[in-house]
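Step one of this worksheet: look at the structure below.
The values are calculated or read from the model by the stated rules, or taken from the named source; none is laboratory data. All figures in this text were calculated on a predicted structure; none of them were measured in a lab. In this analysis, Cβ positions are derived from the backbone assuming ideal geometry, glycine residues included, and neighbour counts consider all displayed protein chains. The area values use the complete protein model at the heavy-atom level, side chains included, leaving out ligands, DNA and RNA. Shrake-Rupley method; radii C 1.70, N 1.55, O 1.52, S 1.80 Å.
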Amino acid sequence: MTHSATRHLFAALAATLLAWLASPAHAQDKKDFSQAERLLFMTNQLTTLKPPLVLRYSFRKSGSLEEGFDDKVSIALSKQADGSCCAGVGEFLTGARKLNLPEVPAAEGNPVILYFLERDVREMQRLTKGSQFHFRKRIRMAVYEAAKVREVSLQYRGKAVKGTEVEISPYLEDPNRSRYERLAVKQYLFTLSDAVPGGVYGIRSEIADKSAAAPAPLIVEELYAEGAEPAPRKTNP
């Protein structure tokens, strides 16, 4: 890829990431945001960090639909020009799976949430031939209208810490779900904790297999912070 093409790709992706953060149509009043929106998109998760440092995450894809893999994600944080935190540069997966990412020059929320979601909607487009814009819209609507938020206890570096889970199922009420029915049961679970540098303990998406004798979910994708110790999750019998 030429330098010019790379620059245009980064500009396009940067615009897409900003679209995740843009005020949705419902929020004519700046106060009209849900608790889940504030947790995921409007919390300064980096303010207490002392750059330079690197946030590291494991990534695993599993399930019966496609071949799985294990990989890694990192967010390198550096001081901004005024000395505050942070400018962020992400490396999301490696090799042929790597997602080219623009720098986030004045990050407040942890960019790893946006990167996970951006890769996710591209995967949904690949699997369904649907619109990335449509999947982004369904996720934002679900975060605003129907997210389940609950307090949880987590294990992090051998200690119990407090956390918050945000769960959404964006496609259950989608009028267009018949076009991708098998994938419409997809659920997302965002696990946050102030005890974890960068605030993100983990992100998990799962597409259950609704067939009669399903041995495992169709697709599970999991990202966990270095030091996170998530409890094993039950799969469908």
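Structure notes:
- Counting only strands (runs of 3 or more DSSP E) wholly contained in the range 143-237, the ones carrying 1 or more residues that are of a type in the set (A, V, I, L, M) and closer than 16 Å to residue 116 by Cβ occupy 159-168, 187-192, 200-207, 219-225.
- Residue in the range 112-122 that is basic (Lys, Arg), surrounded by fewer than 17 Cβ atoms within 10 Å (Cβ to Cβ), touching a strand residue (DSSP E or B) at 6+ places or on another chain (Cβ under 9 Å) and in a loop (DSSP other than H, G, I, E, B) present: no
- Only listed residue being assigned to a helix (DSSP H, G or I), modelled with pLDDT of 85 or more and open to solvent by 60 Å² or more (accessible area, probe 1.4 Å), chosen from 56, 38: 38
- Test result for residue 66, open to solvent by 50 Å² or more (accessible area, probe 1.4 Å), at pLDDT 90 or above and over 16 Å from the mean Cα position of the chain (by Cα): yes
- When each of 78, 131 is tested for being farther than 23 Å from residue 205 by Cβ, open to solvent by 30 Å² or more (accessible area, probe 1.4 Å) and over 16 Å from the mean Cα position of the chain (by Cα), the lone residue that passes is 78.
- Whichever residue in the range 93-111 is under 15 Å from residue 83 (Cα atoms) and not small (Gly, Ala, Ser) and, among such residues, is most open to solvent (accessible area, probe 1.4 Å): 108
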